[in-house]
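What follows is a set of notes on a single structure, which appears directly below.
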Protein chains: 2
Amino acid sequence: VKVALIGYGNVGKAFAKLLYSRRNAYPFRIVAIHTARHGTACASKGLPLTPEFAAAADSIDQFLEVSRPDVAIEITPLNPEDGEPAIGHIKTAIKHGIHVITANKGPIAHAYAELRELARRAQVEFRFESTVMDGAPVFNMVRHCLPGIQIMGFTGCLNSTSKLVVEAMSRGFTLEEGVKEAQAQGVAEADASFDIDGWDSAAKTAALANVFMDAHATPAMVEREGIRKFTTEQVMDLAREGKTVALMSRGERAGEKVILHVKPEILAVTDLLATTRGTSNVLLLHTDLMGTVGTVSIEPGVEQTAYGLFSDLVDIAKSV
Amino acid sequence: VKVALIGYGNVGKAFAKLLYSRRNAYPFRIVAIHTARHGTACASKGLPLTPEFAAAADSIDQFLEVSRPDVAIEITPLNPEDGEPAIGHIKTAIKHGIHVITANKGPIAHAYAELRELARRAQVEFRFESTVMDGAPVFNMVRHCLPGIQIMGFTGCLNSTSKLVVEAMSRGFTLEEGVKEAQAQGVAEADASFDIDGWDSAAKTAALANVFMDAHATPAMVEREGIRKFTTEQVMDLAREGKTVALMSRGERAGEKVILHVKPEILAVTDLLATTRGTSNVLLLHTDLMGTVGTVSIEPGVEQTAYGLFSDLVDIAKSV
């Protein structure tokens, strides 16, 4: 199976290492890598872990035309506001009749129904396990392990930065100090407002709702409230009462509609949904036949995001 | 797909209802039911939800010979000490070239490697999703969603009765009173020592280790300690310190060996592993490539156990 990577940051490098370490059991070959910054690398027999980049291809169209992979993996830096350029890359790959895997939640949060439909018509697979919870089985769990089920709703505190910030505030720091701590840990971006104001959670909420509830949502359609209104004193008072603040993502069906919101909730510190710290996560799915089930992921990192891509790739290789 | 049930208690009835409710989407037909108590019912066109039982077949052998199902579902009452008669039933079905699903953890805890090998040679499927965590994706999650992974260990507080007992003790009741409460809730058996002394947890531990770590274990090989040594006072003291007792199942690799134990652990009440109450469960899998991931199930009941059988059945129907 010939694989082309669009983007080659930390996740891409971890993915290339993972493929290399499993090359005897899984005959996947990275034949081309395209990056905006370093240029393009191609080798139909497979690229080394540290490829030499030549001049960039003129376009993704040209890149895929030349490299002719079976599967394209879209892992460019996320533009969360509109899901581009990832959406464009994915459409181009589908147009070429190439299966696509992405770790970018933007396309799922902004354009899932359209991409699913394009892929269906082109008879290619479109997969995205790593877009929520960094590669832990979420979408593939529902796809493979929960047949015939209807998902009535979901609940999860899915934003790492806000969790670290609340933790810092419960120890007496300000929100700004908490943000700096999260940035120092490499969890928060330079502009943390995307996390603090709930946009990251809204993107994840829209993505989950689009896939599991056919919601045709975008992040802007999620009722959204961040954690800025809480003072350090309030968070410390809550902590003394055995409570905490969690920026919760929720989706639920209401008749034909799907209601989505992201907002801070006051939870007991013993609540399952409040117990995962930092990048750890719990996502609960509320179903008709299987009650409430969920996935837990403890302190995932880029290796786990890379593994999610790998699990999608194995799945595609099996079904082709 | 023609299905025969061996056993028809609460899980069997819930399963029959589930199949009936999904009969348009999934063409599964229960053609025969065998019970030790009520006798045998057969109808090649499919049995009604309240079948009329005639005289019992002489043996499972004869029952399967006459009913000729594609899939046999083994859901007789569990004899946890040796896994019989379920193991015998499963062997008989495999011998007839029939796929088998069981909700009985006994066969997986006592004889997994042998049954897996028999099924492999007979080229039939052998599935058991409902044996741990009542139908939530555990075995099928690893099978379908975690390709190429090695499971290095697992952790979970998987016994409901002991959780209810510890909760009652933290409120000032004795262990015996806690057991009565668990019995009143329908969670504990008449003889609760199986739960309190860790045998139920040991069976689940052996089952997980056999499937995930090829451990060739039995419940007796699990290092086992129950919760009897704790007094109400101790549990109340722990609760005042924000701690609790959890009867934990753990498996880990140590070189070529697999070390298995069940013992009470003192956890913070904010520990993820301490937050699921009653029949709710968290199971964490420690893996090489995907770090620590897990499954959560909130207050599952017989409907969820029945769903686990259904998910196995759909899987078998797909692969055949």
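The values are calculated or read from the model by the stated rules, or taken from the named source; none is laboratory data. The model shown is predicted, which means the values in this text are computed figures rather than measured ones. We place every Cβ from the backbone using ideal geometry, glycine too, and count neighbours over all the protein chains shown. Heads up: the accessible areas ignore ligands, DNA and RNA and are worked out on the full protein's heavy atoms, side chains in. Shrake-Rupley method; radii C 1.70, N 1.55, O 1.52, S 1.80 Å.
Shown here are the Rg and Dmax of the Cα trace of the range A:278-320, at 13.8, 38 Å. Find which of B:GLY39, B:ALA111, B:PRO27 sits farthest along the positive direction of the dipole of the range B:1-129, computed with +1 on the beta-carbon of Lys and Arg, -1 on that of Asp and Glu, about the Cα centre. Checking the options against the dipole of the range B:1-129, the answer is B:PRO27. Per residue, the range A:1-123 exposes 49 Å² of solvent-accessible protein surface, assessed with a 1.4 angstrom probe and all protein chains in place. Summing Cβ point charges (Lys, Arg +1; Asp, Glu -1) relative to the Cα centre of the protein assembly as shown gives a dipole of roughly 1540 debye.
Can you give me the angle between helix A:10-21 and the longest principal axis of chain A, using Cα atoms only, in degrees from 0 to 90, rounded to the nearest 10? Tilt relative to chain A: about 60 degrees. Couplings 3J(HN,Hα) for the range A:249-259, derived from phi with the Karplus relation 6.51 cos²θ - 1.76 cosθ + 1.60 (θ = phi - 60°), are 9, 9, x, 8, 7, 9, x, 7, 8, 10, 9 Hz, where x marks Gly and Pro. Each helix, a run of at least 4 DSSP H residues, gives -39500 (n - 2.57); summed and divided by the residues of chain B, these come to -11500 deg cm²/dmol at 222 nm. Distances between placed amide hydrogens fall under 5 Å for B:THR287 paired with B:MET152, B:THR292, B:VAL293, all partners being 5 or more residues away or on another chain.
Rounded to the nearest 20 debye, the dipole size of the range A:191-309 about its Cα centre is 140 debye, using +1 on the Cβ of Lys and Arg and -1 on the Cβ of Asp and Glu. What is the antiparallel percent of DSSP beta bridges lying wholly in the protein assembly as shown, to the nearest 5? Antiparallel: roughly 70 percent of the beta bridges in the protein assembly as shown.
Remark: the range A:200-239 is approximated by an ellipsoid whose semi-axes, taken from the C-alpha gyration tensor as √(5λ), come to 30, 10, 6 Å, largest first. The equivalent ellipsoid that matches the C-alpha gyration tensor of the range A:149-264 spans semi-axes of 28, 15, 10 angstrom, in descending order. Each residue was assigned an accessible area with a 1.4 Å probe, and for A:VAL66 the value is about 100 Å². Using only side-chain charges placed at the Cβ, +1 for Lys and Arg and -1 for Asp and Glu, the dipole size of the range B:3-108 relative to its Cα centre rounds to 560 debye.
Of the residues A:ALA93, A:ALA136, A:GLY148, the one whose Cα sits farthest towards the positive end of the charge dipole of the range A:26-166 is A:GLY148 (charges of +1 on Lys and Arg Cβ, -1 on Asp and Glu Cβ, taken about the Cα centre).
In nanometres and ascending order, the distances from the A:SER319 label point to those of the other copies are 1.8 (point 7 Å from Cα along Cα→Cβ). The ellipsoid that matches the Cα gyration tensor of the range A:112-174 has semi-axes, each √(5λ) in whole angstrom, of 34, 15, 10, with the longest given first.
Summary for B:ALA184: label point 7 Å along Cα→Cβ; distances to the equivalent points in the other copies, ascending, 5.2 nm. If you fit an axis through the alpha-carbon atoms of helix B:86-95 and take the longest principal axis of the Cα set of chain B, what angle between them do you get, 0 to 90°, nearest 10? Rounded to the nearest ten degrees, it is 40.
DSSP assigns beta bridges within chain B; of those with both partners inside it, close to 65 percent run antiparallel.
I'd like the orientation of helix B:160-170 relative to chain B: the angle between its Cα long axis and the longest Cα principal axis, in ° from 0 to 90, rounded to 10. The two axes meet at around 20 degrees. Note on surface exposure: B:PHE28, A:PHE154 rank B:PHE28, A:PHE154 by accessible area, highest first, 1.4 Å probe. Distances longer than 41 Å among the Cα atoms of the protein assembly as shown: what percent of all pairs is that? Here the tail beyond 41 Å accounts for 30 percent of pairs. Between the amide H of B:SER249 and those of B:GLY156, B:CYS157, B:LEU158, distances stay under 5 Å, these residues lying 5 or more places away or on another chain, with hydrogens modeled in the peptide plane. Inverting the pair-averaged 1/r between distinct Cα atoms of chain A gives 20.3 Å as its Kirkwood hydrodynamic radius.
Taking the axis that rotates chain B onto chain A, the chain B residue nearest to it by Cβ, with the distance rounded to whole Å, is B:HIS144, 2.
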